[in-house]
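Only one structure is covered here, and it is reproduced in the block below.
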Amino acid sequence: MANLIDQPESSGGFFTKIGRLLASPWVAPFAVVIALLLTAHAVNNGLEADDYYHRAVLAGSERFGESLRGPQSMFRFLPGEREHAQHLMDEGFLPWWTDTKIKAEFLQLIPTQTHILDYQLWPKSPSMMHVQSLLWFALLVFLAAKFYRRILGATWMAGAAALLFAIEDGHGVPIGWICNRNILIAASFGIGSLIAHDMWRREGRRWAGILAVVLWTLCLLSKEAGIATSAYLFAYALWIDKGTLTQRFLTLVPYGIVLVVWRVVRDLLGYGVAHLGFYVDPLTDTGQFLTALVERYPVYLLGQWGIPSDLSVLIDPLLGSPFWWIAVGYSCLLALLFWPLVRRDRLSRFFVTGMLLSVIPICATFPNDRLLMFVGLGAMGLLVRFWYATFAADGPRPKLALWRIVAVPVAVFFILLHVVLAPPMLYMRANGMKFMEPLYIRTAFDASIEQQDLVVVNSPITMLAGYSLLQYEYEDMPSPRALRILAPGYNPMVVRRIDERTLEIEPETGYLHFLDQLFRNRQNPLAEGEEVRIARMTAKVLTIEDGRPKNVAFRFDAPLEDAALRWLRFHKGEYIEWNPPAVGEEVILRTDWQPDFGS
C-alpha cells in the first residue's frame with residue numbers, strides 16, 4: 001500500500017482549513033509560543049533539590065567547601081570513596097543507611113558549562129537561570145517541529161505532532177527544574193543530529209553528515225540518556241534511508257565509533273554509577289539491568305500513553321505488582337492496536353521503532369515521566385498516524401470491524417489525554433517541584449543550633465531533608481552542626497525509649513522503601529546486627545524483614561535530653577519540635593493525615 005503521506009488530506013471545509021494551518025511552516029514558531037506560554041511561570045520556581053548542591057559548588061560554600069569539588073565536577077555527586085561518603089554521612093547530607101561505596105558521577109560536560117555561565121552572569125538570580133532553561137526548551141520544540149516536517153512532509157500530521165510534542169506534560173519537570181536542564185540540552189542536540197542526518201541522506205549534503213556526527217557527540221556529552229538518539233538513527237536506516245541494507249547501516253558507523261570512544265573516555269575519566277539504588281549501569285551490571293528492563297519497560301510505556309510512570313516509585317516491589325501488570329496489559333493492547341497500522345506504513349514503523357528502542361536506555365533508572373523526552377518524539381509521530389488511520393475517510397484502516405470498534409474510543413481517549421489534559425498538566429508539572437517545599441526542613445533556629453545535632457525522627461524524603469543544610473546556608477540562616485535522619489516519614493512507626501541514650505524505631509513497613517533506596521541498593525543489604533557508626537551516633541540493625549531493616553536501635557553519645565541534641569518530627573506537612581519519650585515508654589507516630597497516639 002502507498003505510504004500514508006502520499007495520500008490526499010481529508011476533505012471538508014473546517015477541517016481542511018485546520019489542516020492547512022497545521023501544514024504551514026509557521027507551525028514551528030507557533031508551537032514554541034504555545035510551549036512558552038504554558039511554562040513561562042517556571043521563572044518563579046527558584047532553586048530546588050540538586051540546585052542547592054550546584055549553587056554550593058559553583059558559587060562556593062564557606063561551611064561545606066571541603067565536601068565539594070570544583071565547578072567542572074558539579075554532576076559528580078559521589079565518587080565512590082568510603083572516606084568521602086563517611087564524611088557526608090557525618091554531616092547529614094547522606095542518611096545513616098548509605099552504602100559507603102556509593103558512586104554517582106554523570107558525564108554532562110555541556111550542561112555544566114551552561115550552569116557555570118549562569119553563575120558568572122546572574123549568580124543571585126534563579127529566575128534568569130530558569131530563563132535559560134526556557135530558551136533551551138524553545139529551541140527543542142522548534143527543532144522537533146522541523147524534524148516532524150522533514151519526516152512527515154508539509155502535512156497537517158507534521159504540524160499536529162509538533163504541537164503535541166510542545167504541550168507534552170512530561171516535559172514539565174525538566175523545564176521547571178534548573179538541574180534537569182540537561183535533558184533539554186541533550187534532546188536539542190539529538191534532534192538536531194537527526195535533522196542533519198536526514199539532510200545528508202535525503203539531499204546528499206556531506207557537510208550535514210559531518211554536522212550530524214558533531215551534534216551526536218554533543219548530545220552524548222550533555223546527558224547519558226542522549227544515547228536514545230541512536231534509536232532513531234537505527235530506525236531511519238531501517239525504514240527510511242535508500243540503498244541496500246548494508247549500505248544503509250554503513251551510514252551508522254561514524255555514530256558507532258563516537259559512541260565507543262565516548263564510553264571508553266567516560267570510563268577512563270571515572271564517570272559512572274555503582275552501589276546506587278534505582279540506577280544501574282547496563283554494561284557493568286548487565287544482569288541487574290536486564291531485570292530492571294523487564295520491571296521498568298512497560299511502566300515507561302504506560303507513562304507515555306496513559307498513567308504517569310512517576311507513581312511507580314510508591315510501589316515496592318514494582319515487578320509483579322498490580323501496577324506492573326496493568327502496564328504490561330496496556331502495552332499489549334497498544335501493540336495489538338498499532339500493529340495493523342505499523343504493518344502497512346513505513347513511517348509508522350520508523351516512529352514505533354525509535355520509540356520502543358529509546359525506552360531501553362532510560363530503564364537504567366527508576367520510571368519518571370521527565371525522562372520520556374526521546375520516547376515522546378516517536379510517540380507523537382505515531383499518534384498522528386494512528387489518528388489519520390482511524391478518522392480519515394481515505395485512511396488505510398484495517399478491514400477487520402473489531403479493530404475500528406476498539407480504535408475509535410482509544411483514539412478519542414488519546415485526544416483527551418494528549419490534547420485536552422496535557423496543557424494544564426504541563427503547566428502544573430513545570431511548577432511541580434514547588435509542591436515539595438514542605439518536605440525541606442524550614443524550621444528557623446537561633447544561633448545555638450550551630451552547636452547542636454538536629455535529629456529528625458521521621459522524614460518523608462531523606463534527600464530533600466539533607467539538602468536543607470545547603471538551604472540554610474543559601475538563606476544565610478543558622479544551621480545545625482549536623483543532621484540525623486532516623487527513619488522514613490511516610491508510614492506509622494513505633495518509637496521505644498530503651499535507656500538514657502537509646503531509641504528503638506520500628507516503621508510499619510520497615511526501612512529502605514521508595515526513594516530511601518537511592519542510597520543503598522538491594523544487592524548490598526544491611527545485615528541483622530550490623531552497626532553503622534557516624535559522628536556522635538551509632539545505628540544498629542536489630543531485625544531484618546524482606547531483606548530490609550525492620551527495627552533499628554539508635555544510640556547517641558550524649559543523653560537524649562542533652563542540650564547538644566535538638567529533636568524534630570514530620571507532622572501534618574511540616575517539621576515540628578518533638579521530645580523523646582521517657583525511659584521504658586513507647587509512642588506511636590502516625591503519618592500526617594492520622595491522629596497521634598502517645599505524643
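The values are calculated or read from the model by the stated rules, or taken from the named source; none is laboratory data. Source: prediction; values computed, not measured. Positions of Cβ are backbone-derived with ideal geometry, glycine not excepted, and every protein chain shown enters the neighbour counts.
Assorted remarks:
- Taking the conditions (1) in a loop (DSSP other than H, G, I, E, B); (2) touching a Ser or Thr at 6+ places or on another chain (Cβ under 8 Å); (3) polar (S, T, N, Q) in turn, Asn551 satisfies each one other than (1).
- A single entry from Val420, Val406 fulfils the requirement of being surrounded by fewer than 16 Cβ atoms within 10 Å (Cβ to Cβ), modelled with pLDDT under 90 and aliphatic (A, V, I, L, M): Val406.
- Every condition in (1) within 19 Å of Ile315 (Cα to Cα); (2) assigned to a loop (DSSP other than H, G, I, E, B); (3) among the charged types (D, E, K, R) holds for Asp476 except the one numbered (1).
- Candidate set from the stretch 439-475 (those that are acidic (Asp, Glu) and over 30 Å from the mean Cα position of the chain (by Cα)); member that is surrounded by the fewest Cβ atoms within 10 Å (Cβ to Cβ): Asp446
- Residue within the stretch 102-109 that is under 27 Å from Glu531 (Cα atoms), buried (at least 19 other Cβ atoms within 10 Å of the Cβ) and not small (Gly, Ala, Ser) present: yes
- Members of the stretch 193-211 that are out of contact with any helix residue (DSSP H, G or I) (no Cβ under 7 Å at 6 or more places or on another chain) and closer than 18 Å to Thr229 by Cα: Arg201, Ile210
- All of (1) assigned to a helix (DSSP H, G or I); (2) surrounded by 14 or more Cβ atoms within 10 Å (Cβ to Cβ); (3) hydroxyl-bearing (Ser, Thr, Tyr) hold for Thr98 with one exception: (1).
- Residue check for Ile544: part of a strand (DSSP E or B), out of contact with any His (no Cβ under 6 Å at 6 or more places or on another chain), within 19 Å of Asp316 (Cα to Cα) and among the β-branched types (Val, Ile, Thr): yes
- Qualifying residue in the stretch 581-591 (condition: of a type in the set (Val, Ile, Thr), over 28 Å from Asp316 (Cα atoms) and either in a strand (DSSP E or B) or in contact (Cβ under 8 Å) with a residue 12 or more places away in the chain (or both)): yes
- Yes/no for Ala145 being under 20 Å from the mean Cα position of the chain (by Cα) and at negative phi: no
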